[in-house]
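This report refers to the structure that appears directly beneath it.
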């Protein structure tokens, strides 16, 4: 899954940037699911590049308690866990442009902090109602990664914020449900939605609006 030519560079980057252990929790159902085996392989290959990354694999049907614990509702799913569970989930195979989302988020989770502007962090801390951000992406969309990474950073700043990134081409029925005509499309608390990658300050406004409407 990871080309040999990229492995050396990836190893260097992970060695330089990872601080604390990160656990990739993978949910699969490999007889039923098109990209489950590839998702598991990709996570295992990535973990082989750095000892701070570990992988746990669970079967979506057989491991019902783990499915409930991590709140996953479809496969393939990857939860990126650091010192705690920040509510970060990726549904689909994080490949193509979304491999960068995976990589950046593993690094952020390993550090336990984000590079969001201080004013954004302060406002996120004021949120007292649950916020569920869903970012719908495709693996060929060059703008989707920025939207996905921002959502994950927001989840790291407040335990009430959960962020799912969903590859809509793997889950077309979900794309239909949310009327995804263009990507990235962000839906917050099933109420607030917009298309496109927006600056973090704009995403903040949408998140605060959704939190107020809760």
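Brief remarks follow.
- Mean separation of Cα contacts under 8 Å, 6 or more apart, over the residue count of segment 4-111: relative contact order %: 34 percent
- Percent antiparallel among DSSP beta bridges (both partners in the chain, rounded to 5): 50 percent
- Gain on full extension, evaluated as 0.36 nm per residue between residue 83 and residue 20 minus their Cα-Cα distance, stands at 21.9 nm.
- Computed lengthening from residue 128 to residue 45, 0.36 nm per intervening residue step minus Cα-Cα distance: 26.0 nm
- Protection proxy ranking for 133-141, 145-153, 13-21, using the average of other Cβ atoms within 10 Å per residue and placing the highest first: 145-153, 133-141, 13-21.
- Matching label, P(r) over Cα pairs in 5 Å bins from 0, in percent computed from the structure shown, candidates (1) 1, 7, 13, 15, 13, 10, 8, 7, 7, 6, 5, 3, 2, 1, 0, 0; (2) 1, 7, 14, 18, 18, 16, 13, 8, 4, 1, 0; (3) 1, 7, 16, 20, 21, 17, 11, 5, 1, 0: (3)
- Calculation over all alpha carbon pairs of segment 4-111 in 5 angstrom steps from 0 returns a P(r) of 2, 13, 24, 25, 20, 10, 5, 1 percent.
- Taking other C-beta atoms within 10 Å as the exposure proxy, 156, 1 rank 1, 156 from fewest upward.
- Where a label projected 7 Å from the Cα of residue 11 along Cα→Cβ would reach, residues of segment 79-110 with amide N under 20 Å: 103-104, 107
- Structure-based [θ]222 nm, the chain - -39500 (n - 2.57) summed over DSSP H runs of at least 4, per residue, nearest 500: -12500 deg cm²/dmol
- Legend: ranking of residues 9, 132, 206 from fewest to most surrounding C-beta atoms inside 10 Å; resulting order 9, 132, 206.
Each reported figure results from applying straightforward, stated rules to the coordinates on display, with no laboratory input. Predicted, not measured: the structure shown is a model, and the values here were computed from it. Ideal geometry is used to build each Cβ from the backbone, glycine not excepted, and the neighbour counts take in all protein chains shown.
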